[in-house]
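A.B. asks: Before I ask anything, let me first share the structure, which is written out below as structure tokens.
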Ligand SMILES: *Cc1c(COP(=O)(O)O)cnc(C)c1O
């Protein structure tokens, strides 16, 4: 999404300040660039922020999702139920282990998260895990999903890439299931450029993920404990999924700013809702009911059925307003069957919502006036 400067209203915008500059310089001057105290502090602060026992900083959320799948011992022949209306990384992480992603439909055009009923219908004897995604930072129906998970004794992975700072019944999204994965990519609610975090309350899962994060090597502490500190063992085919000190330093500052940013997003969404309802009543705005506290990661709207989305987006672009599409459903991609699942009608709501969805600009430094421009341009684009 380069060329932010070129747009009258870009889709997203990041503001890094003197706080981030200062801590990056201090890491550079320290000469200690990775596997150090800054990352440990970031992990501790993030764990406290979401209320999880363990937090592991990683180089991106895709790595966190992969580690979660690995820690849960997923392998070839296993099935993992997940949404299709998500970023492809959700499903790819499952595939890395050899397991199969089985797509379940979303709740409705009013709530674009995976449906608990569809999850239960998709369960077979091969199902090993449920992976959900909190779309736009709005909560999946976690009480129902956790009940199903308990009934069938299935662990739950939360793709909480959109949901930093969001909660349901006072409990942070990403901490309802067995493992939660967060993203600090450049367009997320807080960023380290590239980066991510895995959180869990499970000691064993945390230890497995920790080992896989760093080449499958046993830790020095563990070696000391076993009495051979001079060397290490490699017990798994691990990866290098670590985060460095520069990014962790940025992450610590971004985490401090997150609550203010999320509050600003909430205000802008409220303004969008008011203006859209008045000026473009034919537009459907999903997530229009109470269910916990959202992080308002993006501003999705559904165009009227039968509208030409590409024409609307082109018209918005001509008015210098950047829009996006969250998402082309994963099951329509070549390596996921090119939409074969649509024919069976199992993803009917996903297909319909995805066809109608466009994402409007949203970022904390957005001005009220810009929200008005976007709504005005959308109104023009519809006629
Ligand atoms: C951004 C995103 C990811 C991937 O995050 P990275 O940190 O870029 O790997 C995964 N899932 C969803 C839903 C996302 O939005």
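All of the numbers you see were taken from the coordinates with simple rules; none came from a lab. Model, not experiment: these values are computed from the prediction. For neighbour counting, all protein chains shown are included, and Cβ atoms are generated from backbone atoms with ideal geometry for every residue, glycine included.
A.B. asks: Please report, for the Cα atoms of the stretch 123-271, the Rg to one decimal and the Dmax as a whole number; what are they, in angstrom?
C.D. replies: 18.1, 62
A.B. asks: Have a look at the DSSP beta bridges in the chain and tell me what percent are antiparallel, nearest 5. Mind showing how you got there, number by number?
C.D. replies: Details: 24 of 41 bridges.
That works out to approximately 60 percent antiparallel.
A.B. asks: What order do you get for 298, 94 when you list them from fewest to most C-beta neighbours inside 10 Å?
C.D. replies: Values: 298 23, 94 26.
The most exposed by this proxy come first: 298, 94.
A.B. asks: Enter the angle in degrees (range 0 to 90, nearest 10) between the Cα long axis of helix 309-318 and the first principal axis of the Cα atoms of the chain, meaning the one along which they spread out most.
C.D. replies: So the inclination is approximately 90 degrees.
A.B. asks: Can you tell me the 0 to 90 degree angle between the C-alpha axis of helix 37-50 and the longest principal axis of the chain, rounded to 10?
C.D. replies: The two axes meet at around 50 degrees.
A.B. asks: Please arrange 113, 140 by counting, for each residue, the other beta carbons lying within 10 Å of its beta carbon, fewest first. Let's see the in-between values first.
C.D. replies: Numbers: 113 25, 140 32.
Placing the least packed residue first, the sequence is 113, 140.
A.B. asks: Here's something else I'd like to know. Over the stretch 1-88, consider all pairs of different Cα atoms and compute the Kirkwood hydrodynamic radius from their mean reciprocal separation; express it in Å, one decimal.
C.D. replies: Numbers: mean 1/r = 0.0581 Å⁻¹.
Its Kirkwood hydrodynamic radius stands at 17.2 Å.
A.B. asks: When the distances between all Cα atoms of the chain are binned every 10 Å from zero, what whole-number percent does each bin get?
C.D. replies: For the chain, the pair-distance distribution reads 5, 23, 32, 25, 12, 3, 1, 0.
A.B. asks: So what is the calculated 222 nm ellipticity per residue for the chain, using -39500 (n - 2.57) for each DSSP H run with n of 4 or more, over all residues, to the nearest 500 deg cm²/dmol?
C.D. replies: Details: 13 runs with 155 residues, N = 383.
Mean residue ellipticity at 222 nm (helix-derived): -12500 deg cm²/dmol.
A.B. asks: In which sequence would 235, 102, 312 go, from the one with the fewest C-beta neighbours within 10 Å to the one with the most? Working shown, then result.
C.D. replies: Details: 235 13, 102 22, 312 19.
Listing 235, 102, 312 from fewest to most nearby Cβ atoms yields 235, 312, 102.
A.B. asks: Another question, then. Which peptide among 44-57, 275-288 comes first, and what is the full order, when sorted by highest mean count of other Cβ atoms within 10 Å? Can you show the working numbers first?
C.D. replies: Numbers: 44-57: 18.5, 275-288: 16.1.
Listed from highest to lowest mean packing, they are 44-57, 275-288.
A.B. asks: Mind checking the angle between helix 245-279 and the chain's longest principal axis? C-alpha axes, 0 to 90 degrees, to the nearest 10.
C.D. replies: 20 degrees
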